[in-house]
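S.K.: Supplied in structure tokens, the structure appears directly below.
The values are calculated or read from the model by the stated rules, or taken from the named source; none is laboratory data. Computed from a predicted structure; not experimentally measured. So basically every Cβ, Gly included, is an ideal-geometry build from the backbone, and we count neighbours across all protein chains shown. Side chains are part of the model used for accessible areas, which takes the heavy atoms of the whole protein and leaves out ligands, DNA and RNA. Shrake-Rupley method; radii C 1.70, N 1.55, O 1.52, S 1.80 Å.
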Amino acid sequence: MWPFKSSEQQYDAVANDEEELKTTQKDRSRRVIGPTTVWVGIVLVMAAVGLGELLFRNPHSGSDVPAQEQLDVSPNEDTKCPQRREWRTLTAIEQQDYISAVLCLRTQPSTLTPDSNKTAYDDYPWIHSHVGYFTHNSAPFLPWHRYFLHIYESTLRNQCGYNGGLVYWDWTLDSEALEKSPVFDATTGFGGDGEVGGEITVGRSGRCLVDGPFTNITADYYDVKYLPHCLSRGFRDLDGSLGHINGHDISPESIEEVLSLTEYESFVALMESRVHDAIPFGIGGDFETFTAPYDLDRLWWLWQQRQPDKGLSSYGGHKQRHSMEMASMDDEIIMQALAPSVKVAEVMGVEGQLLCYRY
């Protein structure tokens, strides 16, 4: 079941597709199931979180494509790693360059289904929903999403000529009024709330976008169900009031409590159950479902900096969602044909052979 959060912070199931996803995960061959999705927004690393509206359907086409031919994710040879920056530190030109690169993905052919009419823009939400899903509530939640972002960043550069690094949104700067954050600016950001007073399109509060670079886009699916509608958001707090996003769980005090934990299993559990949920449940609409990619890489990096004696080796828990098998850093991070599989150990550090960046 994929969860919605109520005002009491409990989960209410909204979909019955978990068994279907389990079946998909069991197929680890090179046969790639084709996505039909719309990912509108960004993998804007919101401290670090992916902001995007994602919609999926049940895929039914396949292609045998060697992973090595899809994306160059070879080890870095440079010794100086670039820094990922907070959104508001970018110039207006740099912000528009990033948004343009994301939109450019809609013009690039899909890696997963190169013979279809799908695009590179569609590949990432499909992988997140049908593969990344199984990392939730388990040890690989953080390393899987770290590698996911690396692949996405490489695609922006290799296919769309983007010269910068991924950017992040520091929620704590806006936690008292998240809806007023500059990331939602209609001119320099990604647009804001759905139409005030408009018809509910999807979810509990989703309404058509009316401003920003991602308006006038039709999304065919909600969750994995065919349901054509305008791309939608619906800012909503925990009491159900519209227009406001509750920032209590991502306030400076809340983030400090999470970062103060010293054991990996406790840290990843509280980060996923508290911090991970705040933004998608607050933005609502298409973002309220599980299929919204959402990463917390910067917080993991900060946590690792606080554990100099064990930050790069602290890892443990269950191997995947609903599994009793215990995790190991020799476990593989699987991206199907989107990119080669790597071991968890290869992404524990961000300034190594494979990854090269800082925050």
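S.K.: How far apart, in nm, are two points set 7 Å out from the Cα along the Cα-to-Cβ line at R157 and at V196?
M.R.: Calculated label separation equals 4.2 nm.
S.K.: Taking θ as phi - 60°, what are the ³J(HN,Hα) couplings along segment 160-173 by the Karplus curve (6.51, -1.76, 1.60), each to the nearest whole Hz, with x for Gly and Pro?
M.R.: Along segment 160-173, the couplings run 10, x, 6, 9, x, x, 4, 10, 10, 10, 7, 4, 4, 6 Hz.
S.K.: Oh, and also: Starting from the Cα gyration tensor of segment 101-193, take the square roots of the eigenvalues, sort them a ≥ b ≥ c, and report rounded, prolate or oblate (rounded when a/c is under 1.5, otherwise prolate if a/b is larger than b/c, else oblate).
M.R.: Details: a/c = 1.96, a/b = 1.25, b/c = 1.57.
In terms of gyration-tensor shape, oblate.
S.K.: Please list the non-local residues whose amide H lies under 5 Å from the amide H of E86, H modeled 1.01 Å from N, same-chain partners needing a gap of 5 or more.
M.R.: Y168
S.K.: May I ask for the net charge around A345, where only other residues with Cβ less than 11 Å from the Cβ of A345 are counted and Lys, Arg are +1 while Asp, Glu are -1? Could you put the intermediate results ahead of the total?
M.R.: Numbers: positive: K343; negative: D330, D331, E332, E346.
Net of charged neighbours comes to -3.
S.K.: From the phi angles alone, apply the Karplus equation (6.51, -1.76, 1.60; θ = phi - 60°) to segment 265-276 and give each ³J(HN,Hα) in whole Hz, x where the residue is Gly or Pro.
M.R.: 4, 5, 4, 5, 5, 6, 5, 6, 6, 10, 5, 4
S.K.: Still on this model: Compute the signed sum of charges (Lys and Arg +1, Asp and Glu -1) over the other residues within less than 14 Å, Cβ to Cβ, of A139. Before the final figure, lay out the partial values.
M.R.: Details: positive: R146, K319, R321, K343; negative: E263, E265, E272, E325, D330, D331, E332.
Around A139, the charge tally is -3.
S.K.: Counting other Cβ atoms within 10 Å, which GluC sites (Glu not before Pro) in segment 174-220 have at most 15 and lie in a DSSP loop? Write out the running numbers ahead of the final one.
M.R.: Values: sites: E176, E179, E195, E199; in loops: E176, E195, E199.
Here the sparse-neighbourhood loop sites are E176, E199.
S.K.: Summing +1 for each Lys or Arg and -1 for each Asp or Glu, what net charge is found among the other residues whose Cβ lies under 12 Å from the Cβ of S116?
M.R.: On the way: positive: K118; negative: D115, D122, D123.
Around S116, the charge tally is -2.
S.K.: Hey, another quick one. Rounded, prolate or oblate: pick one for segment 261-359, where a ≥ b ≥ c are the square roots of the eigenvalues of its C-alpha gyration tensor, a/c under 1.5 means rounded, and failing that, prolate if a/b is larger than b/c, else oblate. Before the final figure, lay out the partial values.
M.R.: Values: a/c = 1.42, a/b = 1.26, b/c = 1.13.
The shape class here is rounded.
S.K.: Tell me the per residue accessible area of segment 107-252 using a 1.4 Å probe; a whole number in Å² is fine.
M.R.: Numbers: 5250 Å² over 146 residues.
So segment 107-252 comes to 36 Å² accessible per residue, rounded to a whole number.
S.K.: Once all Cα-Cα distances of segment 167-269 are split into 10 Å bins that start at 0, what whole-number percent is in each one?
M.R.: It works out to 14, 35, 32, 17, 3, in whole percents.
S.K.: Under the classification rounded if a/c is under 1.5, otherwise prolate if a/b is larger than b/c and oblate if not, where does segment 234-280 fall, given a ≥ b ≥ c as square roots of the Cα gyration tensor eigenvalues?
M.R.: prolate
S.K.: List every residue whose amide H lies under 5 Å from the amide H of C230, counting only residues 5 or more places away in sequence or on a different chain, with H placed 1.01 Å from N in the peptide plane.
M.R.: Residues meeting the amide H criterion: A219.
S.K.: Per-residue HN-Hα couplings for segment 338-344, Karplus 6.51 cos²θ - 1.76 cosθ + 1.60 at θ = phi - 60°, whole Hz, x for Gly and Pro?
M.R.: 5, 6, x, 6, 10, 8, 3
S.K.: Can I ask one more? In nm, to one decimal, how far is the modelled label at L227 from the one at T89, with both set 7 Å along Cα→Cβ?
M.R.: Distance between the two pseudo-spin positions: 3.9 nm.
S.K.: Continuing with the same structure: What is the set of long-range amide H partners of G206 at a cut-off below 5 Å, with H atoms built 1.01 Å from backbone N?
M.R.: HN-HN under 5 Å from G206: T201, G285.
S.K.: Going by accessible area, probe 1.4 Å, with all protein chains left in place, what is the ranking of K343, K80, K118, largest first? Show your work: numbers first, answer last.
M.R.: Working: K343 90, K80 175, K118 45 Å².
Descending order: K80, K343, K118.
S.K.: Once label points are set 7 Å from the Cα along Cα→Cβ at both S116 and Q353, what is their separation, rounded to one decimal in nm?
M.R.: Result for the modelled spin labels: 3.4 nm.
S.K.: On full extension of the chain, what length is gained from N216 through R306, given 0.36 nm per residue of separation minus the C-alpha to C-alpha distance?
M.R.: Working: separation 90, 0.36 × 90 = 32.40 nm, distance 4.43 nm.
Here the answer is 28.0 nm.
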